[in-house]
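Notes follow once the structure below has been shown.
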Number of protein chains: 4
Amino acid sequence: MERTLAVGVIGAGSMGARHARNLHQYVAGAQIAGLYDPDSGRAREVAASCGEATVFGDPLALIADSSIDAVLIASPDATHAELVHACLQHGKPVLCEKPLAVTAEGALKIVQAEQEIGRRLVGVGLMRRFDPQHLAVERALASGAVGRGLLFKGVHRNAKVPQHLPGEVVITNSAVHDIDSARWLLGQEVTQVFVSAVRTRDTLSADTRDMLLLQLQLTGGCLATIEVTVAADYGYEVSAEIVGVSGTVTTGLPMDAVIRSGRKTFTDVPADWLERFQEAYIDELAAWTHSVRSGQAFSGASAWDGYQALVVTDACILALKSAAAVAVPTPERPALYDRAVSPEVPSL
Amino acid sequence: MERTLAVGVIGAGSMGARHARNLHQYVAGAQIAGLYDPDSGRAREVAASCGEATVFGDPLALIADSSIDAVLIASPDATHAELVHACLQHGKPVLCEKPLAVTAEGALKIVQAEQEIGRRLVGVGLMRRFDPQHLAVERALASGAVGRGLLFKGVHRNAKVPQHLPGEVVITNSAVHDIDSARWLLGQEVTQVFVSAVRTRDTLSADTRDMLLLQLQLTGGCLATIEVTVAADYGYEVSAEIVGVSGTVTTGLPMDAVIRSGRKTFTDVPADWLERFQEAYIDELAAWTHSVRSGQAFSGASAWDGYQALVVTDACILALKSAAAVAVPTPERPALYDRAVSPEVPSL
Amino acid sequence: MERTLAVGVIGAGSMGARHARNLHQYVAGAQIAGLYDPDSGRAREVAASCGEATVFGDPLALIADSSIDAVLIASPDATHAELVHACLQHGKPVLCEKPLAVTAEGALKIVQAEQEIGRRLVGVGLMRRFDPQHLAVERALASGAVGRGLLFKGVHRNAKVPQHLPGEVVITNSAVHDIDSARWLLGQEVTQVFVSAVRTRDTLSADTRDMLLLQLQLTGGCLATIEVTVAADYGYEVSAEIVGVSGTVTTGLPMDAVIRSGRKTFTDVPADWLERFQEAYIDELAAWTHSVRSGQAFSGASAWDGYQALVVTDACILALKSAAAVAVPTPERPALYDRAVSPEVPSL
Amino acid sequence: MERTLAVGVIGAGSMGARHARNLHQYVAGAQIAGLYDPDSGRAREVAASCGEATVFGDPLALIADSSIDAVLIASPDATHAELVHACLQHGKPVLCEKPLAVTAEGALKIVQAEQEIGRRLVGVGLMRRFDPQHLAVERALASGAVGRGLLFKGVHRNAKVPQHLPGEVVITNSAVHDIDSARWLLGQEVTQVFVSAVRTRDTLSADTRDMLLLQLQLTGGCLATIEVTVAADYGYEVSAEIVGVSGTVTTGLPMDAVIRSGRKTFTDVPADWLERFQEAYIDELAAWTHSVRSGQAFSGASAWDGYQALVVTDACILALKSAAAVAVPTPERPALYDRAVSPEVPSL
């Protein structure tokens, strides 16, 4: 397919608007062709900044419309599963923000629907898989530079926490990214989780747990330890390290400039994930566009990854509440989700 | 201008082909519309990988063709000046690889022609101005984090040198980039140059000088010191530091991953400038595309910068040969080249 | 006390010999006055390299001898407790290599004996408390630069593992250092431990566990996560990070020189703890010497720290075997072990 | 010689007092036996903090006294040469703060006197030769890791400048250290110098030159570039890099702890040379003590190095004033100053 990919975006909130503008400004070979948001004014405003996108009054109409080649879902979490199913019904490739569904069961149904179709049409927006630093870790691992991966060590720090934030929300909103990184980089599934959590400040609500430690066991004799902090105060930081049999590889500290001033040598720390992962967001859209146009497999997270993310976060919530190690079921991964499988691009 | 920019590329050698493919694959809002190379087979091959570009039999015809909005020149150095003049005659924006001309006099004529037109149509391909690390240095300076810039320190190391390479070639081909960085980041003009040069290996030809030290004085009481090594062996590296009144800022060491293996903690060093500056090449094209489409000034090097580069490298060659400090004339910069001047985009 | 401290060393194996030579060569104000080792030839050899030390035929005679001001114990683990008790009976300051005893109960008896005497005569050789990097972390914490400490993150990697090494040995020999660092830097006691362990290579014995993850809860709402790897292959590395309420502080990567060579920018990794902690070993002896001569409290680990190390490692072994979280009793720390308490130096 | 070295210190100002206390507290095998300062109260105060040192009323009496084995000179610059000659007359080893004399001619006379004696009794306090980072660069060079050294790059930044500071003082007081580093690490002599200098602030006196760039040529086809800034404001920093035929090696950034706080990742910068080089000052004294006691050659700067430092700084001052490259005479180094020569320690 050499013609420009016509993308429909559902959801024009902060994330949807960012995706739409990123695709319009930075991704060659694609254009925003349609937009839907329950707030039609917001939809029109985003559309105006993205060329000549049609504003739809109904998300299912957007999905069904013949002018739309592929769909990007950035609507509220509760709507994801239904919209993804609609895309599958129309055979349209879809990139859905995480979570794929609000329950593991919901996500499993999408996995099953996709298998019935026999084509991988669904991508999930776990953008770290496109972060240059994370990709460099993956490449180093693949090169054999550190031997077989044994241990994943994740750090995930958000600067500011709302006054009330129970541990389960930290797990589903934040830790889910690190769990995906562990699965992706080690190439293994999680079999057991153990979670510790504390409240770091008296000023937070009594049931807030803003600092979590997750300790995971994975298939292949692998381990993982993940720190998730949502009140790090100093800034936003994510890192991932793999300890292998003969060495380790860690995401580099992004540092465009090193400054010496006031008795310090320093580099700036990003304010939030939008700043830290801007390049990953763009590269994710570019890779997805390329995958749909070329018929090659999307290199990002699949429906299976989206489903497993929910299975593991469910177990983590249970572990948090029970203060005990919790086993995670590891059903066999369907052959459709082997890396090598081509998604057999829909005829456009 | 909301429609896609139609770019004609002159020169399908390694640099021209790279520019064409980068623009096609990575730059939203532009397309390769025409290509010329004396080797028409090579031109056809590159055109085939960039969509539906027309292969022209003559570069002047490409420039004149109404289907071409803007021109990218990556042909042999000796042809640059004539082709740029042709673009100016047709009122077409042009991005020309360095050098702008083979003599300072030739570049001055382009500056004069542009002034007569009264619009900045010419950009020069000094890509470091789009390197994220160099831009971060510029931003830090602009923020006042280190005070007024006083001293530029440049490092420029190529891995491999040909067996024969006189010092003047090192100056015109390599040092020219660092001289441009010094002028750009300090915002001053060079007034004096002093050059030392050595041959680092007996295996190189007797007149080869593969390691150079340049020491510059600039207007505003500024200084610069530049190391240019073309036989660094270990890899390709470029860095720039500005020492300011109250601190310093240095380009970060690009490090996507940190590896521990075999009693070492290390990061990889790029092999060459194509690897090191790939992002800069793409961002240069994107900025140029944006500038032409939006009518905003191109943020890269101007014809004036291309002219000054030649004035200073001429002085460096003289300093190298005379082993003495050489004064550099600093004519006043025409008002057209003030940063604030808008290029008054041609009507498309 | 202005005269030189006369130190008796018990044990002339690799660690005892190193301590003796370090004290002789690098510590002002102290000298090796006596040495004992069951292998008297080895004792004589070490004595000969340390000035004019007397070789004793019996360790208790060395302790009792009036020519000996203070004792350094580096004999086999099983002998530590008895020798420390002998020092206490003679009122002599003693620096004992870890472990203080082979059981927590044994260590508790030393704590009790010391309380009866009412003076802190016992130091335990947990040398990280004198490592410049670890001390810099302590200083940064004390300065308030990162707020109250919440989370300790330890990394402890040995390069080579014997073919057979059960997890409990990794805990008592290696993890004990990291547990001490967590207690010391957070200033809290461990209340719960959870341990995961894997065997990283098929070539190791079936019950070997050479990679462990410890997850701890501490008083004060603090957490800790510790990686202990004894087959890291690439070299020896220890790091410690404290995440505080408003920032984090991490031990620096010791790097005396940065080398660029062969497409890599690198720093060397130490081979083992002797290389990594040589400065800490010397500074520990210097601080101990200074403490005994001046009557100021030894700033290293106390008998209480040695006792708690055993209490926590016992719990870790139980956690490893039970694959469940294990609570750790936290008896109140006797007032004698408050930081502020001066050891009331013995009259010399 | 197994007995303790009795050191006499001449000069109890800030540097002399520091040396005396460092030797007393941190150097095994030596003691402060005598002290002289024209301010006898100051001398008594320092003596009291260094054990039982005798306060002398005359520096030559101190040198001559049979209780003094070796002499450390930290008196005003103008007195150095005469005091060193006195030490030579009494055959006593002497460590003299730089400069060895106030003129190159004066230093040459010391070199000649030493040759007549035929023993290397004189060491010069250029302490960087004992800095762990600089020594690591020397070791890396010696290991062949980067090939033959070609280029020395020095950075030397002081935080605060007095309101009036002519360029020649910056050369003799500050640049002299970097010139010594270049000579030492490259193992070559300087043959030509070129100097640029600017005044960085209007608030400084008109003839102040607080930022200098030195560009040197050395024997063996080597080059050097040195930045000396005495108003760096942000803190004190020294670094040295050697570019070799196949790589480069640079002094590491001393970083005991890395802190994340307030949107920055940072390490602290020292305030001044006393903080930065405290370890080097101690190791210099320890090496000097060891050299005198063992009869092995002092590994620090010799009288020859002290003489060459003055020859090169003289040329730099001339280059600064003439704004032209200045040739430096390179007389043959006397055989006495070959590295391999043992100093034939005086019988003690």
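Helices (runs of 4 or more DSSP H) fully within segment A:76-154 that include at least 2 residues being closer than 30 Å to A:Q215 by Cα and not aliphatic (A, V, I, L, M): A:104-117, A:132-142.
If the condition is being loosely packed, with under 15 Cβ neighbours inside 10 Å and among the acidic types (D, E), then segment A:6-46 contributes only A:D39. What's the total number of residues in segment B:94-103 that are surrounded by 24 or more Cβ atoms within 10 Å (Cβ to Cβ) and of a type in the set (V, I, T)? Looking only at that region, the number is 1. Inspect all residues belonging to segment D:25-32 and state whether any of them is within 30 Å of C:S49 (Cβ to Cβ), β-branched (V, I, T), part of a strand (DSSP E or B) and at pLDDT 95 or above. Yes.
For B:S299, the criteria (1) surrounded by fewer than 20 Cβ atoms within 10 Å (Cβ to Cβ); (2) within 9 Å of chain A (Cβ to nearest Cβ) hold in every case but one, which is (2). No other residue among B:D256, B:D272, B:D283, B:D233 is acidic (D, E) and without any contact (Cβ under 8 Å) to a residue 24 or more places away in the chain apart from B:D256. Looking only at residues that are part of a loop (DSSP other than H, G, I, E, B) and closer than 25 Å to D:N158 by Cα in segment B:236-246, which one is farthest from the other protein chains (Cβ to nearest Cβ)? Among those that are part of a loop (DSSP other than H, G, I, E, B) and closer than 25 Å to D:N158 by Cα, it is B:V245. Whether a residue is of a type outside the set (G, A, S) and surrounded by fewer than 19 Cβ atoms within 10 Å (Cβ to Cβ) was assessed, and B:R201 passes this test. Which members of segment A:42-69 meet the condition of being part of a strand (DSSP E or B) and either out of contact with any Leu (no Cβ under 6 Å at 6 or more places or on another chain) or within 14 Å of chain B (Cβ to nearest Cβ) (or both)? Residue satisfying the conditions is A:T54 alone. Of all residues in segment B:29-41, those being β-branched (V, I, T) and either out of contact with any strand residue (DSSP E or B) (no Cβ under 8 Å at 6 or more places or on another chain) or more than 14 Å from every other protein chain (Cβ to nearest Cβ) (or both) number 0. So, in segment A:192-209, exactly how many residues are out of contact with any strand residue (DSSP E or B) (no Cβ under 7 Å at 6 or more places or on another chain) and either without any contact (Cβ under 8 Å) to a residue 24 or more places away in the chain or not hydrophobic (A, V, I, L, M, F, W, C) (or both)? So the answer is 5. Against the numbered list (1) in contact with a Leu (Cβ under 7 Å, 6 or more places away or on another chain); (2) of a type in the set (S, T, N, Q); (3) outside the structural domain of C:R21 (by TED's automatic domain parsing), C:T251 comes up short only at (1).
Evaluation of C:V249 against the conditions (1) surrounded by fewer than 22 Cβ atoms within 10 Å (Cβ to Cβ); (2) within 13 Å of chain D (Cβ to nearest Cβ) shows that the sole unmet condition is (1). Among the residues of segment C:252-266, are any surrounded by fewer than 21 Cβ atoms within 10 Å (Cβ to Cβ) and among the polar types (S, T, N, Q)? Scanning segment C:252-266 turns up no residue that is surrounded by fewer than 21 Cβ atoms within 10 Å (Cβ to Cβ) and among the polar types (S, T, N, Q). Checked against the criterion of being assigned by TED's automatic domain parsing to the domain that holds A:A142, in a strand (DSSP E or B) and surrounded by fewer than 24 Cβ atoms within 10 Å (Cβ to Cβ), segment A:180-187 contains not a single residue that satisfies it. All conditions in (1) of a type in the set (G, A, S); (2) touching a helix residue (DSSP H, G or I) at 6+ places or on another chain (Cβ under 9 Å); (3) over 30 Å from B:V46 (Cα atoms); (4) surrounded by fewer than 18 Cβ atoms within 10 Å (Cβ to Cβ) hold for B:G91, with the sole exception of (3). Of all the listed residues (D:A48, D:A20), the sole one being in contact (Cβ under 8 Å) with a residue 24 or more places away in the chain and of a type in the set (G, A, S) is D:A20.
Checking each residue in segment B:249-272 for being of a type outside the set (V, I, T) and either within 20 Å of A:V269 (Cα to Cα) or part of a strand (DSSP E or B) (or both) picks out B:G252, B:L253, B:P254, B:M255, B:D256, B:A257, B:R260, B:S261, B:K264, B:F266, B:D268. Looking for something crowded, with 18+ Cβ neighbours inside 10 Å and under 30 Å from C:R263 (Cβ atoms) - is there at least one such residue anywhere in segment B:116-125? Yes - at least one qualifying residue is present in segment B:116-125. From the list D:L212, D:L223, the one residue that fits, being on the phi < 0 side of the Ramachandran plot, buried (at least 23 other Cβ atoms within 10 Å of the Cβ), within 7 Å of another protein chain (Cβ to nearest Cβ) and assigned to a strand (DSSP E or B), is D:L223.
Here C:Q192 passes the criteria (1) part of a strand (DSSP E or B); (2) buried (at least 23 other Cβ atoms within 10 Å of the Cβ) except the one numbered (2). Per the conditions (1) assigned to a helix (DSSP H, G or I); (2) modelled with pLDDT of 95 or more, the sole criterion not satisfied by A:E275 is (2).
In this structure, D:T219 qualifies as under 24 Å from B:A325 (Cα atoms) and of a type outside the set (A, V, I, L, M).
Going through (1) among the small types (G, A, S); (2) out of contact with any His (no Cβ under 8 Å at 6 or more places or on another chain); (3) within 20 Å of B:N22 (Cβ to Cβ); (4) loosely packed, with under 15 Cβ neighbours inside 10 Å one by one, B:S49 falls short only on (2). More than 20 Å from D:V195 (Cα to Cα), acidic (D, E), more than 14 Å from chain A (Cβ to nearest Cβ) and buried (at least 24 other Cβ atoms within 10 Å of the Cβ) - does that describe any residue in segment B:165-179? Within segment B:165-179, one or more residues are more than 20 Å from D:V195 (Cα to Cα), acidic (D, E), more than 14 Å from chain A (Cβ to nearest Cβ) and buried (at least 24 other Cβ atoms within 10 Å of the Cβ). If the condition is being outside any loop (DSSP other than H, G, I, E, B) and either outside the structural domain of D:Q188 (by TED's automatic domain parsing) or within 21 Å of D:Y234 (Cα to Cα) (or both), then segment D:155-166 contributes D:V155, D:H156, D:R157. Residues in segment A:139-150 that are on the phi < 0 side of the Ramachandran plot and either touching a strand residue (DSSP E or B) at 6+ places or on another chain (Cβ under 9 Å) or at the interface with chain B (Cβ under 9 Å from one of its Cβ atoms) (or both): A:R139, A:A140, A:L141, A:A145, A:V146, A:R148, A:G149, A:L150.
The values are calculated or read from the model by the stated rules, or taken from the named source; none is laboratory data. Everything quoted here is computed from the prediction, not taken from an experiment. Glycine also receives a Cβ, built like all others from the backbone with ideal geometry; neighbour counts cover every protein chain displayed.
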